[in-house]
Amino acid sequence: MKKILQDLSFAETESLVLALGEKKFRAKQLFEGLTQGKAVSAISSLSKAFKERLLEEYEDAPVKVKEKYLSADGTEKYLFELADGNLIEGVLMKYKYGYTQCVSTQVGCRMGCKFCASTLGGLVRNLTAGEILSQILVVNALHKEDVLGRGKEARAVTNIVLMGSGEPLDNYEETVRFLRLVTAGEGLGISGRNISLSTCGIVPKMYALAGEGIPVNLTVSLHATDDITRARTMPVAKAYKIEEILKACEYYFEKTGRRYYFEYTLIEGENCDESHADALVKLLKGKPCHINLIRLNEVKERDLKALGDKAAYRFLGRLEKGGLSATLRRQIGVDIGGACGQLRASYLEK
Ligand code: SAH
């Protein structure tokens, strides 16, 4: 695989342009073109000779849309192709305040969670920062017309969630580099407040992230109230205990001032009867956190059942009565295989 220009910050792009013997202002043209989601060959302000020189070493377009599906509710699901032919997926969710894009951080995943389709074939490879970023750049480019009152900035995606395929903290370096690139003023300039990073709870990396100075919203996939139950669906629970995860969350709060979040997927017969609700209250009461209850998106390769709607609202009610801040996530995009890894899995099968 060739190198990826989108991996570079503006300063690094400038150094590259100068090293190739071009004038400094070419860096701005190149960087702006890439930030607009253009392939190198499509940046009209650059000379043909310079572009040819760049393309000897760098990919023209590291992430391409291979397929796009539109849900009845407006949600868009993307299957992206990387330069080496690997496939990843992403989701664009449309809200009144803006668009939220869910990005992948790895091809596949090695965490092995029982309810998740991303991990079925294990980890193939890490994505580079530029490949994570490019998912947003190409989707933005497809929605130039939708920009919500932001002047000439061509940016439709206002919020990002790192909740696609992969475990972001298992690809720590590139994920942090991506966060720096996407929040940088010369680039998309998306605020850390509008970015959520979801982890299955890799404790040492949670501490590291707290020290990076990029205060994103930290979200932990909890899905159980005790380590034994948790380990049944999440193998990572054998390495890191819930108690250690909670300590790391507290530390994150102290360092960044940001409250933290928990995802709790409701799996029938597994983690969502009254005793689990009460245990969750006991575990989290008084902590600066919010719980997002998620309906299980049933994965056909896995034998787990979603909790019915009525019971889900009862579970939510019990948490609220116990004093927790919680919401039950609206289910969107189900008709297009919205859950992690479903689209890629079905595509690979074909
Ligand atoms: N590896 C990270 C981020 C990717 S998963 C993490 O574990 O948090 C993003 C969220 O989707 C996690 O909370 C995960 O548990 C949840 N998820 C995965 N597959 C799901 C499914 N089939 N139904 C509902 N939620 C699912």
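The values are calculated or read from the model by the stated rules, or taken from the named source; none is laboratory data. This structure is a prediction, so every number in the text was calculated from the model and none was measured. Ideal geometry is used to build each Cβ from the backbone, glycine not excepted, and the neighbour counts take in all protein chains shown.
D278: in the same structural domain as G112 (by TED's automatic domain parsing), modelled with pLDDT of 95 or more and within 24 Å of R232 (Cα to Cα), yes or no?
yes
Return the residue satisfying two criteria in turn: it lies in the stretch 182-199 and is in contact with a Phe, Trp or Tyr (Cβ under 9 Å, 6 or more places away or on another chain) and surrounded by 18 or more Cβ atoms within 10 Å (Cβ to Cβ), and of such residues it is farthest from T13 (Cα to Cα).
Taking the candidates together, the pick is S198.
Using the structure shown, decide if S134 is in a loop (DSSP other than H, G, I, E, B), buried (at least 18 other Cβ atoms within 10 Å of the Cβ), of a type outside the set (A, V, I, L, M, F, W, C) and at negative phi.
Spelling it out, it is not the case that S134 is in a loop (DSSP other than H, G, I, E, B), buried (at least 18 other Cβ atoms within 10 Å of the Cβ), of a type outside the set (A, V, I, L, M, F, W, C) and at negative phi.
Take the stretch 128-156 and flag every residue that is touching a helix residue (DSSP H, G or I) at 6+ places or on another chain (Cβ under 8 Å) and either at pLDDT below 95 or within 18 Å of K205 (Cα to Cα) (or both).
Correct list: T128, A129, A154, R155, A156.
In the stretch 41-50, which residues are under 15 Å from V17 (Cβ atoms) and either out of contact with any Leu (no Cβ under 9 Å at 6 or more places or on another chain) or assigned to a loop (DSSP other than H, G, I, E, B) (or both)?
Once the filter is applied, which keeps residues that are under 15 Å from V17 (Cβ atoms) and either out of contact with any Leu (no Cβ under 9 Å at 6 or more places or on another chain) or assigned to a loop (DSSP other than H, G, I, E, B) (or both), the stretch 41-50 yields I43, S45, L46, S47, A49.
Report, ordered by the first and then the second residue, all pairs with beta carbons closer than 8 Å, sequence separation of six or more or different chains, a first member in the stretch 303-319 that is more than 21 Å from C113 (Cα to Cα), and a second member that is small (G, A, S) and within 16 Å of the ligand (Cβ to nearest atom).
L316/A326; L319/A326
Looking at the stretch 36-66 only, could you name the residues that are under 21 Å from the mean Cα position of the chain (by Cα), more than 21 Å from E145 (Cβ to Cβ) and surrounded by fewer than 19 Cβ atoms within 10 Å (Cβ to Cβ)?
If the condition is that a residue be under 21 Å from the mean Cα position of the chain (by Cα), more than 21 Å from E145 (Cβ to Cβ) and surrounded by fewer than 19 Cβ atoms within 10 Å (Cβ to Cβ), then K66 is the only one that fits.
Taking the options Y99, Y78, Y69, name whichever one is surrounded by fewer than 19 Cβ atoms within 10 Å (Cβ to Cβ) and more than 22 Å from Y172 (Cα to Cα).
Y69
Of all residues in the stretch 165-175 being more than 13 Å from T199 (Cβ to Cβ) and in contact (Cβ under 8 Å) with a residue 12 or more places away in the chain, which is nearest to the ligand (Cβ to nearest atom)?
So the residue we want is S165.
For E244, work out the one condition from (1) within 13 Å of the ligand (Cβ to nearest atom); (2) part of a helix (DSSP H, G or I) it doesn't fulfil.
(1)
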